[in-house]
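**Q** Structure below; questions to follow.
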Amino acid sequence: MISFSGDLDLEVATATDPATLLAPGIPGVVVDLSEVGFLDSSGINLLIKLRLRVEEVGAAMTVVGADAVRSTLRFCGLLEFLGVRAA
């Protein structure tokens, strides 16, 4: 499980490399956003890069706990692409 908290913004996105978050041979990854209260375009970009990296290694990604940022992800058309589970 990959968990983020606070603001998922430029500061977090520039300090996070999606490639380093994945263990080799994993069948899937769960991203927990339950402690995230704010998501900007940099955070969205990080989630997209993470999703593409997960796909590249043949795994699946599910996002949980996205209640506080669900409307942002919906507005961007990313709920299905990111695998956001219903609340």
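**Q** Among what's in segment 36-67 and is more than 14 Å from SER3 (Cβ to Cβ) and in contact with a Ser or Thr (Cβ under 8 Å, 6 or more places away or on another chain), pick the residue that is surrounded by the most Cβ atoms within 10 Å (Cβ to Cβ).
**A** Applying the filter and picking the extreme gives LEU39.
**Q** Something else about it: From the set of residues in segment 1-33 that are of a type in the set (Asp, Glu) and within 13 Å of the chain's Cα centre (by Cα), which is surrounded by the fewest Cβ atoms within 10 Å (Cβ to Cβ)?
**A** So the first thing to find is which residues in segment 1-33 are of a type in the set (Asp, Glu), and the list is 7, 9, 11, 17, 32.
Subsequent filtering for residues that are within 13 Å of the chain's Cα centre (by Cα) retains 7, 9, 17, 32.
Working: ASP7: 15, ASP9: 17, ASP17: 11, ASP32: 16.
Per the criteria, the residue is ASP17.
**Q** If you don't mind, another one. Kindly evaluate VAL36 against the criterion of being touching a helix residue (DSSP H, G or I) at 6+ places or on another chain (Cβ under 8 Å) and modelled with pLDDT of 95 or more.
**A** Details: touching a helix residue (DSSP H, G or I) at 6+ places or on another chain (Cβ under 8 Å): yes; modelled with pLDDT of 95 or more: yes.
So VAL36 passes the test.
**Q** Turning to a different aspect of this structure: Those residues that are more than 18 Å from VAL12 (Cβ to Cβ) and in a strand (DSSP E or B), I need them from segment 32-60; list them, please.
**A** ALA60
**Q** Considering only residues that are farther than 24 Å from GLU11 by Cβ, modelled with pLDDT under 95 and either in contact with a helix residue (DSSP H, G or I) (Cβ under 7 Å, 6 or more places away or on another chain) or acidic (Asp, Glu) (or both), which ones fall in segment 61-87?
**A** ALA87
**Q** Next up: Among the residues of segment 12-27, which ones are over 18 Å from LEU73 (Cα atoms), modelled with pLDDT of 90 or more and either among the aromatic types (Phe, Trp, Tyr) or not in a loop (DSSP other than H, G, I, E, B) (or both)?
**A** THR14
The values are calculated or read from the model by the stated rules, or taken from the named source; none is laboratory data. Quantities reported herein were computed from a predicted structural model and do not represent experimental measurements. Cβ sites come from the backbone with ideal geometry, for glycine too, and all protein chains shown count toward neighbours.
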